[in-house]
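The values are calculated or read from the model by the stated rules, or taken from the named source; none is laboratory data. Every value quoted in this text rests on a predicted model; they were computed, and no experiment measured them. In case anyone asks, the SASA skips ligands and DNA or RNA and just uses the protein heavy atoms, side chains included. Shrake-Rupley method; radii C 1.70, N 1.55, O 1.52, S 1.80 Å.
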Amino acid sequence: MRNKEAKEVNVDSNKDVNKEVDSSEFEPSAEAKAIEAESAKGDAEMAKLTADLEALRQSMLRSQADFANYRKRIEKERSEDSKRATARVIEGLIPILDGFEHALAAHREAEYENYRKGFELIYKQLLDNITKLGVERINPIGKPFDPHLHQAMDRTETTEHADGLILQTFQ
């Protein structure tokens, strides 16, 4: 029986020790509370800075994308403006080319040969420069009339050619 009583005593004394240890371990000191509060404050500040950084990154990416789109749009507009300006110049030069062709076709006499050579040279230079701009000469004679490409000046009744074919060009 003694052993049993001794065991009971030991158990009771351990309970008292455990109570004292438990209460002192879980009570944070004022210093620990201050560190914990500062840590929480630092974590909150870090989270805010991380969110701000991400917002700035997103803003920068949007700005870069906007600038790239702007640059592409400007390049496209410049290209289109250049094409329109070239088209206007060519449209203005086509009647001049036609005038040269009519002048060269009209004067085939020997007395005009020197003038003719000069006009042919000027005509060739003008035609070469217009060709460099991308203009192609089309010869619609013998092809079907297309109102999107051609402008009718006259209609000739003939049995030699099929209906709707282009027989002559004026310009």
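Miscellaneous remarks
- Protein-only accessible surface at a 1.4 angstrom probe places the residues Glu80, Glu136, Glu91 in the order Glu136, Glu91, Glu80, largest first.
- Gyration tensor verdict on the range 76-171 (Cα atoms; rounded if a/c is under 1.5, prolate if a/b is larger than b/c, oblate otherwise): oblate
- Accessible-area ranking of Thr131, Thr158, largest first, probe 1.4 Å: Thr131, Thr158
- Fully extended contour minus Cα-Cα distance, from Ser79 to Arg62, at 0.36 nm per residue: 3.6 nm
- Difference of contour (0.36 nm per residue) and Cα-Cα distance, Arg155 to Lys72: 25.0 nm
- The share of accessible area on the range 41-90 that comes from carbon and sulfur is 58 percent, using a 1.4 angstrom probe.
- ³J(HN,Hα) computed for each position of the range 73-89 - Karplus, 6.51 cos²θ - 1.76 cosθ + 1.60, integer Hz, glycine/proline x: 5, 5, 4, 5, 5, 4, 4, 5, 4, 5, 5, 5, 5, 4, 4, 5, 5
- Looking at the range 31-136, the accessible area is 84 square angstrom per residue; that uses a 1.4 Å probe and ignores ligands, DNA and RNA.
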